[in-house]
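One structure is given here, and the rest of the page talks about it.
Derivation of every value follows stated rules applied to the coordinates shown; laboratory data play no part. Fair warning: this is a prediction, and the values are worked out from it, not measured in the lab. Heads up, the Cβs are rebuilt from the backbone with ideal geometry, glycines too, and the neighbour counts pull from every protein chain shown.
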């Protein structure tokens, strides 16, 4: 597996502003996601249901996917990237600064629980 790439705050903001086609995944728990998250993110916690959850949320394993957690000290996104690689995902970027770094730059956040897709 290739080493995952990383994306900066500025580059992530550009992708969102340009409405580029990519998936944005927060891998923290639902309570933490509800506190605040980066606009457009889906919530797939890194727990024992992660493999099933990520394949349901992002069925296309070649789609560019940006994965993040709380901040640079948080290792949940690195775990998620490794697990996604084992599932065959090929186009993953880790957003190291996480949602705390995003918010610290004064960028917009959303609050509330994840929108649940209908089965």
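Observations on the model:
- GNM flexibility winner over the chain from 33, 22, 95 (Cα, springs under 10 Å): 22
- Rounded FRET efficiency, nearest 0.05, which uses the C-beta distance separating residue 20 from residue 78 and R0 of 22 Å: 0.40
- Residue of 85, 106, 53 that the Gaussian network model of the chain assigns the largest fluctuation, springs spanning Cα pairs under 10 Å: 106
- Taking 7 Å steps out from each Cα toward its Cβ at residue 100 and residue 34 produces label points 2.1 nm apart.
- Counting every pair of alpha carbons in region 5-104, the share spaced more than 18 Å apart comes to 38 percent.
- Here's the picture: a label point sits 7 Å out from the Cα of residue 107 along the beta-carbon direction, and within region 32-67 the residues with their amide nitrogen under 13 Å of it are 37-41, 66-67.
- Selected from 15, 103, 79 as most flexible by GNM, with the chain as the system and alpha-carbon contacts under 10 Å: 15
- Ranking of 89, 68 by count of other Cβ atoms within 10 Å, fewest first: 89, 68
- Calculated [222 nm] ellipticity per residue, helices only, for the chain: -9500 deg cm²/dmol; basis is -39500 (n - 2.57) per DSSP H run with n ≥ 4, divided by all residues, nearest 500.
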